[in-house]
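Accompanying notes for the structure given below.
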Amino acid sequence: MTDPILVLEQATLLHGDGDSDETVTALDHVDLRIAAGEMVAVVGPSGAGKSSLLAVAGGLIQPTSGRVTVGGTELGGLSRRRLTDLRRTRIGFVFQTSNLIPALKAVDQLRLPLTFGKFTDHADPNSLLEEVGMAHKAKRRPHQLSGGERQRLGLARALVTKPQLLLVDEPTAALDRQRSQDVVALLAEETKARGIATVMVTHDHDVLHHCDRVHEMIDGRLMAPALP
């Protein structure tokens, strides 16, 4: 693999149980490399460590040990401010529930992230809405959109800053079968077209054929990839 965007090297995350003095291993010496234009799915049972993997890859949590690198920058050596700037400019997040702001119109959902920093290069919100099939809903608010439309809008919002890495958490959890296929197909298409490295955590095995690789997580360990 040449010039990977995301690199996890022996990433381990330990935390307390909360109800006892025991230590829980959320991530267990995880190695992962994802190149530009590659979409990788991570599947596994609840509690296996999938959400911890996204949090560590996105710099939301520092691993207990090991290294995380995004676009050639090691996250462990960054100050809080530089880490925040990196997340803002290089990493896009797509959440399970889209996390849209109720009062904002669709186009303003995309404009808002651009106000949080000085972006020398970013996508045009109106053009991006058209690209994801939402141009005709530009002035609609979230409550006026279907579940699939909200997920498309959430994806567009994540792409507006032109990130290198896209982290996607259960994008089809609230969607029916056809809308699930549509959203993940769009995600795969944007990954290839924009040269993004994408990690998608999902329980939906019906959408795995859109991915380049599929890993399973079991007890914090990332298994060797299987065919979608």
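Some points to look at:
- Filtered GluC sites (Glu not before Pro), region 1-83: DSSP coil and at most 10 other beta carbons within 10 Å: GLU22
- Modelled spin-label separation between LEU78 and VAL24, with each label point placed 7 Å from Cα along the Cα-to-Cβ direction: 2.6 nm.
- Expressed to the nearest 5 percent, the antiparallel share of DSSP beta bridges inside the chain is 50 percent.
- Between 0 and 90 degrees, the angle of helix 177-194 with respect to the longest Cα principal axis of the chain falls at about 80 degrees.
- Helix-only mean residue ellipticity at 222 nm for the chain, each DSSP H run of n ≥ 4 adding -39500 (n - 2.57), per residue, nearest 500: -8000 deg cm²/dmol
Just so you know, all these numbers are worked out from the coordinates, no wet-lab data involved. The structure displayed is predicted, hence computed values, not measured ones. Reconstructed Cβ throughout: ideal geometry from the backbone, glycine too, with neighbour counts over all protein chains shown.
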